[in-house]
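The values are calculated or read from the model by the stated rules, or taken from the named source; none is laboratory data. Quick caveat: nothing in here was measured; it's all calculated off a predicted structure. Neighbour counts are summed over all protein chains in view; Cβ atoms, including those assigned to glycine, are modelled from backbone coordinates with ideal geometry. Accessible surface areas use protein heavy atoms only, side chains included; no ligands, DNA or RNA. Shrake-Rupley method; radii C 1.70, N 1.55, O 1.52, S 1.80 Å.
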Amino acid sequence: MSEPTFKPILYLKENCPFCLKVRLFVLEAGMMSDVVIRDFVADTAEESAIRAELSPHFEKVSFPSAQLEPGLFIAESDDIVAFLATKAGRDPAGMTVYRNYTDGVFTMAMKLWKENQDLKKSASAI
Ligand SMILES: N[C@@H](CCC(=O)N[C@@H](CS)C(=O)NCC(=O)O)C(=O)O
């Protein structure tokens, strides 16, 4: 039986680009009071506690993670946004700040990360 007072719990790591995607969606959709945000900084006792809390629910813990409904754990930023968007009746494609981030800085960061990986790979093969 689902609890009527349950709010989705979002586990967000500071400075994580995928977590910022979820955070921007929540802010722009005006959903801050509809979710519980568990923020943490990398390499802190809080991170260890959150990892211990999440590890029974995932093969590998990653961030963002969320408990969207009681017992329903998800760890994929796009799936978390899609769930929250449906709940709020919002279309992320029509949200200016969210779209600016995902199509701009986020896409560029992913491209640079991949280029960096490829460069490291070819450098180590020399
Ligand atoms: N495809 C995932 C990627 C998430 C991801 O790679 N997150 C990084 C943090 S920026 C992570 O969890 N790394 C492993 C870790 O922190 O243990 C998503 O979109 O949610």
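See the values below:
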item: Asp34-Ile126 FRET efficiency (beta carbon distance; Förster radius 41 Å; 0.05 resolution); result: 0.20
item: Those lysines that a straight Cα-Cα span of less than 21 Å connects to Lys60, excepting residues fewer than 8 apart in one chain; result: Lys13, Lys21
item: C-alpha long axis of helix 45-54 to longest principal axis of the chain, angle in °; result: 70
item: DSSP beta bridges in the chain [antiparallel fraction, %, rounded to 5]; result: 55
item: Among 9-19, 88-98, 68-78, 114-124, the order from most to least packed when residues are scored by Cβ within 10 Å on average; result: 9-19, 68-78, 88-98, 114-124
item: Acute angle (nearest 10 degrees) that the helix 77-88 long axis makes with the longest principal axis of the chain, alpha-carbon atoms; result: 30
item: Solvent-accessible area per residue for the chain (1.4 angstrom probe, square angstrom); result: 63
item: Estimated [θ] at 222 nm from DSSP helical runs (n ≥ 4, -39500 (n - 2.57)) normalised by residues in the chain, nearest 500; result: -14000 deg cm²/dmol
item: Positive minus negative residues near Ser48 (Lys, Arg vs Asp, Glu; Cβ under 14 Å); result: -1
item: Computed magnitude of the charge dipole of the chain (debye, nearest 20; Cβ of K, R +1, Cβ of D, E -1); result: 320
item: Shape call, segment 9-90: gyration tensor on alpha carbons, a/c limit 1.5; result: prolate
item: Contact order normalised by residue count of the chain, Cα under 8 Å, 6+ apart, percent; result: 28
item: Degrees between helix 107-124 axis and first principal axis of the chain (Cα, 0 to 90, nearest 10); result: 40
item: For segment 59-75, Karplus couplings with θ = phi - 60° (6.51, -1.76, 1.60), whole Hz, Gly/Pro x; result: 5, 9, 6, 9, 10, x, 10, 8, 9, 7, 9, x, x, 9, 9, 9, 9
item: Protein accessible area in segment 9-90, 1.4 Å probe - carbon and sulfur %; result: 52
